[in-house]
Amino acid sequence: MLLDMDEQGSDQRIDSVFHRPQRRRRSQPALNRERIVTATITLLDREGASALTMRKVAAELGVHATSLYWYVERREDLVDLAVDEVLAEAAAGLPAADTPWDNALKETAQRFYTALTSHTWAAEFAGSRPLIGPNAVALSRRIIEALGVLGGEEERQAVAIRAVSNQILGAATSAVAMSVARADRVEEHEGAVTTALSEPDALAVENTFFDQTLDLIVRGIRAGDEA
């Protein structure tokens, strides 16, 4: 899940690979954290989230599993590093500081969502792991900054942050679930469409409507600010 974006600094209380100092390379110069992350992403893209183990990543690298433990402590470290890596490109092109708050919010949220849905496993893991890597934090902070321009009561800002956060994660999770259903569980997916209560309901089963829903959230935030 996303780190609570309205609780800046709370990530320091979480035991995470991002908060442990990186160890220097051992005598085997070919192995480092970057190569481990690349191998993890390759394995996840090929075999999916359930296939991820320390042993399989080691095999991908052509080393013994014990070699990985010098660089990462557990499977969850591999997950966190891989998810944050796929967010790198999104975090590298954030809106400028003088971008209007609503445009900055929507662009950052779209970049976050697109990065997560570009790898099915990333969206799956993001729903169960705190996103506190540097790239995830950069994206989250840009959303906080955009909403901070509006000022107002802290609770109202927190509600807005939560709404955007839930939209990013919820839509990303739904999008990859629909993609998997269409590819692997065709009958189940078609059954969900045919049993929809109405045409709009059927459309909602088939689409996440990410941009349209985000627009509704932004309009609500704007209306609250103007009230």
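For Val57, which of the numbered conditions (1) part of a helix (DSSP H, G or I); (2) free of Cβ contacts under 8 Å to residues at least 12 places away in the same chain; (3) more than 22 Å from Asn166 (Cα to Cα) fails to hold? Of everything listed in (1) part of a helix (DSSP H, G or I); (2) free of Cβ contacts under 8 Å to residues at least 12 places away in the same chain; (3) more than 22 Å from Asn166 (Cα to Cα), Val57 misses just condition (2).
Give me the residue from region 59-73 that is of a type outside the set (Val, Ile, Thr) and under 14 Å from Arg33 (Cβ atoms) and, out of that set, surrounded by the most Cβ atoms within 10 Å (Cβ to Cβ).
Leu68
Residues in region 162-191 that are surrounded by 16 or more Cβ atoms within 10 Å (Cβ to Cβ) and over 19 Å from Asp211 (Cβ atoms) were compared, and the one that is modelled with the highest pLDDT is Ala181. Does Ala146 meet the test of being at pLDDT 90 or above, over 11 Å from the mean Cα position of the chain (by Cα) and open to solvent by less than 30 Å² (accessible area, probe 1.4 Å)? Yes, satisfied. The residue that is surrounded by the most Cβ atoms within 10 Å (Cβ to Cβ), among those in region 109-125 that are under 17 Å from Asn135 (Cβ atoms) and of a type in the set (Ser, Thr, Tyr), is Tyr113.
Whether any residue in region 204-223 is more than 22 Å from Thr99 (Cβ to Cβ), open to solvent by less than 60 Å² (accessible area, probe 1.4 Å), in a helix (DSSP H, G or I) and at pLDDT below 90 is what I want to check. There is at least one residue in region 204-223 that is more than 22 Å from Thr99 (Cβ to Cβ), open to solvent by less than 60 Å² (accessible area, probe 1.4 Å), in a helix (DSSP H, G or I) and at pLDDT below 90.
Residue count for region 90-108 under the criterion of being open to solvent by 20 Å² or more (accessible area, probe 1.4 Å) and over 19 Å from Gln167 (Cα atoms): the result is 7. When we screen Leu87, Leu131 for residues that are of a type in the set (A, V, I, L, M, F, W, C), crowded, with 22+ Cβ neighbours inside 10 Å and at pLDDT below 95, the only hit is Leu131.
The values are calculated or read from the model by the stated rules, or taken from the named source; none is laboratory data. Predicted model only: the values in this text are computed from it and were never measured. Every residue, glycine among them, receives a Cβ derived from its backbone with ideal geometry; neighbour counts consider all protein chains shown. Heavy atoms of the whole protein, side chains included, go into the accessibility calculation; ligands, DNA and RNA do not. Shrake-Rupley method; radii C 1.70, N 1.55, O 1.52, S 1.80 Å.
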